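Heads up, the thing below is written out as structure tokens.
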Amino acid sequence: MTEQPRHERDSDSQSILALVPNMVTMLGLCAGLTAIRFVLAGQFELAVALIIFSAAIDGLDGLLARRLKATSDIGAQLDSLSDFLNFGVAPGLLIYQYALAESEQRGSWIVVLLYVSCTCIRLARFNVAHNRAAMTGIKPPKHFIGVPAPAGALLALLPAYLSFETALVPAEHPFLTGLYLGIVGLLMVSRLPTFSPKSLRVPRERSGLVLIIMALVIGVLLTRFWMSMIMLTLLYGLSLLHSFYLAMAARRRGPEN
């Protein structure tokens, strides 16, 4: 039997580094699935922490894939499906079980369906836009269109943050909680230009200052975690109001001549 050429043998294997991005995606997926398990067990703080963790590492898989030149179609699809579970299904179930289950007869489940459906539409629309930009060679805008799914999940969990940090009981205010969850879902499928970290540019001489600020932020997160999440969520909400104001101002001015 003739020996197979070496280049053909090498094509049957790949570097373990090429699998690292997908491993990160699977890590986030397992965190989201475990969050659902803790929701069913009534351990809501652990469930919220796992969803936050999955949001924190979201995007890391794509960054690693580009740096390691290990991008693949299956990796992109895996990332999208993982995002749907982590930022759509898991937060929706958590808020339902934690604050809305007792008011199901008043339509609270409908709001959860709305939120999860909006997450799915948001991710599908993002994939279409990304593929279209890749095919046409047109650079995507520096901002997001609508609230990204990870940010939407963190926004949706605000009632849980407030409950963990204060004496507020979201289950006592199902209408407000459901209304808030529905608004977050609609923001994800809106055409509102929203903040993207990719648009940030840091002068080289201020890199040290940025690192010091990051250390302070991490210190606050480690000491007053839920209060920090409330503040970050409110800051992001203010950025959405600012984006809405700018969009309305641009619409009033009309197209430039």
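The values are calculated or read from the model by the stated rules, or taken from the named source; none is laboratory data. Bear in mind that the values here come from a model prediction, so they are computed numbers and not experimental data. With ideal geometry, Cβ positions are generated from the backbone for all residues, glycine too; neighbour counts draw on all protein chains shown. Please note that ligands, DNA and RNA were not included when accessible areas were found on the heavy atoms of the full protein model with its side chains. Shrake-Rupley method; radii C 1.70, N 1.55, O 1.52, S 1.80 Å.
Summary table
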{"item": "Residue match in segment 194-210 (condition: open to solvent by less than 20 Å² (accessible area, probe 1.4 Å) and assigned to a helix (DSSP H, G or I))", "result": "no"}
{"item": "Exclusive hit being among the small types (Gly, Ala, Ser), open to solvent by less than 70 Å² (accessible area, probe 1.4 Å), in contact with a His (Cβ under 9 Å, 6 or more places away or on another chain) and at pLDDT below 90, set Ala18, Ala70, Ala65, Ala76", "result": "Ala76"}
{"item": "Unmet criterion (only one of (1) of a type outside the set (D, E, K, R); (2) touching a helix residue (DSSP H, G or I) at 6+ places or on another chain (Cβ under 6 Å); (3) surrounded by 13 or more Cβ atoms within 10 Å (Cβ to Cβ)) for Ser243", "result": "(2)"}
{"item": "Any helices (runs of 4 or more DSSP H) falling wholly within segment 65-178 and containing at least 1 residues that are without any contact (Cβ under 8 Å) to a residue 24 or more places away in the chain", "result": "73-84, 108-136"}
{"item": "Out of Glu172, Glu165, sole residue that is open to solvent by 90 Å² or more (accessible area, probe 1.4 Å) and either within 23 Å of Val48 (Cα to Cα) or in contact with a Pro (Cβ under 7 Å, 6 or more places away or on another chain) (or both)", "result": "Glu172"}
{"item": "Residue that is nearest to Arg191 (Cα to Cα) [pool: residues in segment 204-248 that are in contact (Cβ under 8 Å) with a residue 24 or more places away in the chain and among the polar types (S, T, N, Q)]", "result": "Ser243"}
{"item": "Ser190, sole failed condition from (1) part of a loop (DSSP other than H, G, I, E, B); (2) of a type in the set (Gly, Ala, Ser); (3) crowded, with 20+ Cβ neighbours inside 10 Å", "result": "(3)"}
